[in-house]
């Protein structure tokens, strides 16, 4: 599942019983997940996500992913979403990959591009579920923005889904001051529990997740 805020904030909320499981139970500390290196536009980042376990509900444990990550992906969500946006704008897969320039570790000033095969896997997985994602987001849009206007078609199923996600994100920014800087990839990560590109798209989390996001500062 996805959590918002700094490592210190997540730790404090976890120990205070303020993080909630999908079932409604209270999460408590349960060690850490394995360390992982994630490629970002600023370089490689090493992340060691916290784990929590539901003590008074279903008893399941969860990896608490920060909002800039998606489950089982070696690239930050913002990199993946840059690829989705470029593809929605009409670029070919090879051109999308070539535009995603990341710093070479340990070599100042040198850059490398995301492999075309990697970008293609993101784009095809997203396209396969774009219609389902769009419908789920349309159902959540009134919760994010009670006065939201209809979202116009954007030219393709993937572009349509991204357009609705942008509308949900904009609604959250207007409705909740603490979400004034939230990005679309963070919203997608929260609503899917980090499973946006998992083999099966989960049912989108609703009002509880949106309110929980709004309650936490991004620090």
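Considering (1) out of contact with any helix residue (DSSP H, G or I) (no Cβ under 7 Å at 6 or more places or on another chain); (2) in contact (Cβ under 8 Å) with a residue 24 or more places away in the chain; (3) assigned to a helix (DSSP H, G or I), the lone condition that residue 72 does not fulfil carries the number (3). Scanning segment 33-45 for residues that are in contact with a strand residue (DSSP E or B) (Cβ under 6 Å, 6 or more places away or on another chain), assigned to a strand (DSSP E or B) and either at negative phi or free of Cβ contacts under 8 Å to residues at least 12 places away in the same chain (or both) gives 36, 37, 38, 39, 44, 45.
Screening residue 173 against (1) assigned to a loop (DSSP other than H, G, I, E, B); (2) free of Cβ contacts under 8 Å to residues at least 12 places away in the same chain; (3) farther than 20 Å from residue 86 by Cβ leaves a single unmet condition, (1). Kindly indicate whether residue 86 is within 24 Å of residue 191 (Cβ to Cβ) and in a loop (DSSP other than H, G, I, E, B). Considered against the rule, which asks whether it is within 24 Å of residue 191 (Cβ to Cβ) and in a loop (DSSP other than H, G, I, E, B), residue 86 comes out as no. Of everything in segment 114-150 that is loosely packed, with under 15 Cβ neighbours inside 10 Å and in contact with a helix residue (DSSP H, G or I) (Cβ under 7 Å, 6 or more places away or on another chain), the residue that is farthest from residue 81 (Cα to Cα) is 131. Could you please find all residues in segment 155-170 being in contact (Cβ under 8 Å) with a residue 60 or more places away in the chain, assigned to a helix (DSSP H, G or I) and either touching a strand residue (DSSP E or B) at 6+ places or on another chain (Cβ under 9 Å) or surrounded by fewer than 21 Cβ atoms within 10 Å (Cβ to Cβ) (or both)? 159, the sole residue that qualifies. Taken over segment 104-127, residues that are without any contact (Cβ under 8 Å) to a residue 12 or more places away in the chain and part of a strand (DSSP E or B) amount to 2. Restricting attention to segment 30-51, the residues that are surrounded by 15 or more Cβ atoms within 10 Å (Cβ to Cβ) and more than 19 Å from the chain's Cα centre (by Cα) add up to 1. Across segment 46-63, the qualifying residues are those that are touching a residue at least 24 places away in the same chain (Cβ under 8 Å) and outside any loop (DSSP other than H, G, I, E, B), and the one among them that is nearest to residue 29 (Cα to Cα) is 52.
Readers should treat all values here as calculations from the given coordinates under stated rules, not as data from a laboratory. These figures come from a predicted structure and were not determined experimentally. Please note: Cβ atoms are built from the backbone with ideal geometry, for glycine as well, and neighbour counts cover all protein chains shown.
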